[in-house]
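The values are calculated or read from the model by the stated rules, or taken from the named source; none is laboratory data. A quick note: this is a predicted structure, and the numbers were derived from the prediction, not measured. Note that we place each Cβ from the backbone using ideal geometry, even for glycine, and neighbour counts take in every protein chain shown. Ligands, DNA and RNA are excluded from the accessible area calculation, which covers all protein heavy atoms including side chains. Shrake-Rupley method; radii C 1.70, N 1.55, O 1.52, S 1.80 Å.
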Amino acid sequence: AQTIHQWPVAEIKAVGSPLSLGCTIKGKSSPNLYWYWQATGGTLQQLFYSITVGQVESVVQLNLSASRPKDDQFILSTEKLLLSHSGFYLCAWSLGQGAETLYFGSGTRLTVL
Amino acid sequence: GDSVTQTEGPVTVSESESLIINCTYSATSIAYPNLFWYVRYPGEGLQLLLKVITAGQKGSSRGFEATYNKETTSFHLQKASVQESDSAVYYCALGEGGNEKITFGAGTKLTIKP
């Protein structure tokens, strides 16, 4: 069975500090991977997706970057956090090739102070 | 870009009553997008409830139904008789099929009164 693990569960960070959020998928080779973000009371917004190792497409620019260093790993990061980065970050995977059912992780709650 | 508009929450319904959560969409790059309903139950992760990829078809799951209406560009979620366990946040979503861009609505928080 496939599992998706996100870390950390929650973070409290200072404005201007760096951030790294991670996501690992086990039990599925070459999945499509996605990062979503939801501000408090806001819409779930797609940030990035990746269909293969080393390739990441940006959907929304929020002064964040993403990388896929391994087939089963997706990293979201920034060197300088903004207050507006606060919210809930979700990683997801899909089978790809047009099969768009998303399987989500449990998410990371980020508070920027 | 694509957009999804759904019933603004929160919505409160009494147990055994009927429910409809409205969803309309706008897809800019494809005539017939794939349509989804996702749900987040309290304490659980976001998960697929149902999906329909063919216009005119109906999807169903857990007593919920949604019909893909290309004329009205709608995908309303309905249930004839809700239960307390249906309390959750429901998200309508649209996929363009192939380019991996999937757009979500703002979510509708549903509370069922016993």
key: Filtered residues of the range B:27-60 (kept if closer than 21 Å to B:GLU96 by Cβ and of a type in the set (S, T, N, Q))   = B:THR28, B:SER29, B:ASN34, B:THR54, B:GLN57
query = Does the range A:57-66 hold any residues that are open to solvent by 50 Å² or more (accessible area, probe 1.4 Å) and more than 10 Å from chain B (Cβ to nearest Cβ), and which are they?
reply = A:SER58, A:GLN61, A:ASN63, A:SER65
Wholly within the range B:30-80, strands (runs of 3 or more DSSP E) carrying at least 2 residues that are open to solvent by 50 Å² or more (accessible area, probe 1.4 Å) and farther than 30 Å from A:ARG109 by Cα = B:58-61, B:64-67
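Residues being out of contact with any helix residue (DSSP H, G or I) (no Cβ under 9 Å at 6 or more places or on another chain) and over 17 Å from B:GLY45 (Cα atoms): count how many of those fall in the range A:4-25.
Taking the range A:4-25 and keeping what is out of contact with any helix residue (DSSP H, G or I) (no Cβ under 9 Å at 6 or more places or on another chain), we get A:4-12, A:14, A:16-18, A:20-25.
Cutting the leftovers down to over 17 Å from B:GLY45 (Cα atoms) gives us A:11-12, A:14, A:16-18, A:20-21.
Qualifying residue count, the range A:4-25: 8.
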ask   = Can you pull out the residues in the range A:19-54 that are within 11 Å of chain B (Cβ to nearest Cβ) and in contact with a Lys or Arg (Cβ under 8 Å, 6 or more places away or on another chain)?
value = A:LEU33, A:GLN46, A:TYR49, A:SER50
task = Give the range B:1-14 a look and list any residue that's surrounded by 14 or more Cβ atoms within 10 Å (Cβ to Cβ) and in a loop (DSSP other than H, G, I, E, B), or say none.
result = B:ASP2, B:THR7, B:GLY9
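Of the residues A:LEU95, A:LEU90, which single one is within 14 Å of chain B (Cβ to nearest Cβ) and open to solvent by 50 Å² or more (accessible area, probe 1.4 Å)? Walk me through it before giving the result.
Details: A:LEU90 fails: open to solvent by 50 Å² or more (accessible area, probe 1.4 Å).
Exactly one residue qualifies, and that residue is A:LEU95.
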remark   = For the range A:71-107, the count of residues that are more than 14 Å from A:LEU19 (Cβ to Cβ), without any contact (Cβ under 8 Å) to a residue 60 or more places away in the chain and of a type in the set (A, V, I, L, M) equals 1
task = Working carefully through the options B:VAL89, B:VAL52, find the one that is touching a Gly at 6+ places or on another chain (Cβ under 7 Å) and either within 29 Å of A:THR52 (Cβ to Cβ) or facing chain A (nearest Cβ under 9 Å) (or both).
result = B:VAL52
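Rundown of residues vs (1) polar (S, T, N, Q); (2) open to solvent by 30 Å² or more (accessible area, probe 1.4 Å), yes/no style:
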| site | (1), (2) |
| --- | --- |
| A:ILE25 | no, no |
| A:SER29 | yes, yes |
| A:GLY41 | no, yes |
| A:PHE48 | no, no |
| A:GLN55 | yes, yes |
request  = Just give me the residues in the range B:92-105 being among the acidic types (Asp, Glu) and either facing chain A (nearest Cβ under 7 Å) or without any contact (Cβ under 8 Å) to a residue 60 or more places away in the chain (or both), in sequence order.
outcome  = B:GLU100
ask   = What pairs can you find where one residue is in the range A:2-29 and farther than 17 Å from A:ALA66 by Cβ, the other is of a type in the set (S, T, N, Q) and in a loop (DSSP other than H, G, I, E, B), and their Cβ atoms are less than 7 Å apart, with a gap of 6+ or different chains?
value = A:LYS26/A:GLN2; A:GLY27/A:GLN2; A:LYS28/A:GLN2
